[in-house]
Amino acid sequence: MSKLSSSFYTTVQRNFDNAAALTDHPKGLLAQIRECNAVYQMRFPVKIGNTYEVIEAYRVQHSQHRQPTKGGIRYSAMVDQEEVMALASLMTFKCAIVDVPFGGAKGGIKISPRKYSVDELQKITRRYTVELIKKGFIGPSVDVPAPDYGTGEREMAWILDTYQTFSRGEIDAVGCVTGKPVSQNGIRGRTEATGRGVYYGLREACSHEDDMKEIGLTKGIAGKRIVVQGFGNVGTYSASISQDEGDAIIVGIAEWNVTLYNPDGIDIAKLIKYKKKKGSILGFPGAKALKDKDEWVSIDCDILIPAALENQITSKNARKIKAKIIAEAANGPITAGGEAILNKKGLMILPDMYLNAGGVTVSYFEWLKNLSHMRFGRMEKRFNQNTYANIIGTVEKLTEKSISAKEKRLITRGADEIDLVRSGLEETMVMAYKNIRDIKKRRRKITDLRTAAFISALDKVANDYIAMGVFP
Ligand code: GLU
């Protein structure tokens with residue numbers, strides 16, 4: 001096991017212990033919640049070119065207190081058992097915080113996807129799915145994977161197709177995986193969900209004047225200068241939605257090969273187009289490239305959003321940070337050593353298990369859609385439209401005044417699936433933040449949002465175990 005990922009798992013467990021010490025749940029119950037329930041390590045051969053490669057892969061189910069278990073599948077050369085265990089643990093707490101009724105899980109395949117052709121990736125993904133099926137580690141009521149670092153809707157479509165091949169007659173089979181293409185029983189708004197959730201969480205955190213004053217900022221996300229590290233799915237949507245809907249200024253974007261900086265703001269829509277065309281953000285004309293790409297950490301800004309991988313902010317670079325808020329869009333981006341420094345500096349850290357829970361929240365909506373076999377909004381959209389139109393008509397008659405056709409269209413619109421997904425996600429992120437903030441405010445011993453988030457999760461998972469009668 002690599003040293004880095006082992007420290008990631010240790011950090012998650014240490015943070016858990018710190019929070020657990022502040023609760024009065026029985027020791028045995030806390031020990032049960034802390035550990036991973038099932039770890040499936042597999043090796044399988046896949047023919048790549050003329051040779052066979054032995055692929056190393058994992059699926060970890062951290063907690064079955066609720067089922068199915070849920071969590072993404074990561075493709076990265078850094079994958080190892082402890083990394084997947086850390087990520088699976090975070091999924092349990094993440095789901096509890098946003099009231100998504102699943103246990104936590106995570107999968108990983110130790111490959112660098114860039115090194116394989118699409119056909120080879122398909123072969124690996126399908127074989128991995130078969131391994132999961134063989135051991136009962138996948139299914140709509142058992143364990144439901146989703147995208148993560150290095151995977152997306154293409155991989156989810158392969159997983160679905162493989163699962164369906166082996167599950168003839170299973171009526172809910174399409175609920176075996178989420179993050180699918182919309183045309184393959186996916187849901188609108190899933191691709192942007194994690195980034196959109198990051199935006200809602202940030203906007204909520206910035207809306208409390210007293211909290212902002214404590215860290216030397218003014219209320220509101222508008223005008224805040226943001227640096228985003230990582231321009232993959234999560235980083236891209238976090239940046240574009242914060243800019244478009246929150247009027248924030250994105251002053252820096254860091255990728256593995258370059259860090260872009262523009263104090264007046266980078267046009268994210270243009271950057272997305274540029275990356276699509278060139279395959280990288282390197283050479284983008286709307287910003288300057290910093291000499292040292294690792295200097296993203298010291299850019300003068302209000303909010304830093306690490307949106308790549310774990311262990312990015314460490315005891316080595318944490319002192320350089322000028323931001324007042326660290327928004328953890330990635331899982332585990334701050335090491336224990338880094339966090340100690342940031343806490344001393346009095347920064348606000350919005351913890352991963354809350355801030356990036358938008359992905360699994362919309363996955364939950366997708367799974368519900370799959371089980372109900374119907375698109376959200378189908379039943380009520382037209383009925384609502386007609387009702388609103390009747391109300392407007394009556395008001396117009398009574399007042400003898402009328403509104404324009406454009407205004408009428410706006411007011412009488414019934415909700416589509418995307419509207420419902422976004423409003424469900426917004427409600428979830430706002431309510432979860434209130435809950436965490438209340439816990440922090442109520443208890444003097446809790447001085448950071450991560451511990452508060454852990455306690456919120458721990459109490460919910462503990463109550464489930466108690467309700468089951470497992471720990472009377
Ligand atoms: N991989 C995402 C996460 O880390 C999403 C998981 C899911 O949708 O199940 O939260």
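The values are calculated or read from the model by the stated rules, or taken from the named source; none is laboratory data. These numbers were taken from a predicted model, which means no experiment stands behind them. Quick reminder, even Gly has a Cβ in these numbers, built from the backbone with ideal geometry, and neighbours come from all protein chains shown.
Selection of region 413-447 for residues being more than 30 Å from Ile392 (Cβ to Cβ), among the charged types (D, E, K, R) and assigned to a loop (DSSP other than H, G, I, E, B) yields Arg443, Arg444, Lys445. Annotation for region 119-130: no member residue is free of Cβ contacts under 8 Å to residues at least 60 places away in the same chain and within 12 Å of the ligand (Cβ to nearest atom). Of all the residues in region 380-404, those that are basic (Lys, Arg) and more than 29 Å from Glu417 (Cβ to Cβ) number 2. Keeping to region 351-393, report how many residues are surrounded by fewer than 16 Cβ atoms within 10 Å (Cβ to Cβ), assigned to a loop (DSSP other than H, G, I, E, B) and hydrophobic (A, V, I, L, M, F, W, C). The number of residues fulfilling the criteria is 2. With the condition kept exactly as written, say whether any residue in region 41-58 is among the hydrophobic types (A, V, I, L, M, F, W, C), touching a strand residue (DSSP E or B) at 6+ places or on another chain (Cβ under 9 Å), under 27 Å from Lys460 (Cα atoms) and at pLDDT 95 or above. Looking through region 41-58, none of the residues is among the hydrophobic types (A, V, I, L, M, F, W, C), touching a strand residue (DSSP E or B) at 6+ places or on another chain (Cβ under 9 Å), under 27 Å from Lys460 (Cα atoms) and at pLDDT 95 or above. The set of residues in region 139-184 being in a loop (DSSP other than H, G, I, E, B), more than 27 Å from Asn331 (Cα to Cα) and not small (Gly, Ala, Ser) consists of Phe166, Arg168, Glu170, Ile171, Asp172. Only one entry of Asn317, Asn356 meets the criterion of being of a type in the set (S, T, N, Q) and within 16 Å of the ligand (Cβ to nearest atom), and that entry is Asn356.
Please work out if Gly152 is surrounded by fewer than 20 Cβ atoms within 10 Å (Cβ to Cβ), within 12 Å of the ligand (Cβ to nearest atom) and either more than 28 Å from Gln13 (Cβ to Cβ) or touching a residue at least 12 places away in the same chain (Cβ under 8 Å) (or both). Let's see the steps before the verdict.
Working: surrounded by fewer than 20 Cβ atoms within 10 Å (Cβ to Cβ): yes; within 12 Å of the ligand (Cβ to nearest atom): yes; either more than 28 Å from Gln13 (Cβ to Cβ) or touching a residue at least 12 places away in the same chain (Cβ under 8 Å) (or both): yes.
For Gly152, the condition - surrounded by fewer than 20 Cβ atoms within 10 Å (Cβ to Cβ), within 12 Å of the ligand (Cβ to nearest atom) and either more than 28 Å from Gln13 (Cβ to Cβ) or touching a residue at least 12 places away in the same chain (Cβ under 8 Å) (or both) - is met.
Could you tell me whether region 29-40 includes any residue that is in a strand (DSSP E or B) and under 19 Å from the mean Cα position of the chain (by Cα)? Within region 29-40 (the criterion being in a strand (DSSP E or B) and under 19 Å from the mean Cα position of the chain (by Cα)), the answer is no, since none of the residues qualifies.
Summed over region 401-430, residues that are free of Cβ contacts under 8 Å to residues at least 40 places away in the same chain, surrounded by 12 or more Cβ atoms within 10 Å (Cβ to Cβ) and either of a type in the set (S, T, N, Q) or touching an Asp or Glu at 6+ places or on another chain (Cβ under 8 Å) (or both) total 5. Do you know which residues across region 340-350 are surrounded by fewer than 24 Cβ atoms within 10 Å (Cβ to Cβ) and either at positive phi or not β-branched (Val, Ile, Thr) (or both)? Selection gives Ala340, Leu342, Asn343, Lys344, Lys345, Gly346, Leu347, Met348.
If I ask for residues that are within 16 Å of the ligand (Cβ to nearest atom) and out of contact with any helix residue (DSSP H, G or I) (no Cβ under 7 Å at 6 or more places or on another chain), which ones from region 361-384 would you list? Matches in region 361-384: Ser363, Tyr364, Glu366, Leu368, Lys369.
Considering only residues in region 45-92 that are away from the ligand (no atom under 16 Å from the Cβ) and in a helix (DSSP H, G or I), the one that is nearest to Tyr354 (Cα to Cα) turns out to be Glu82.
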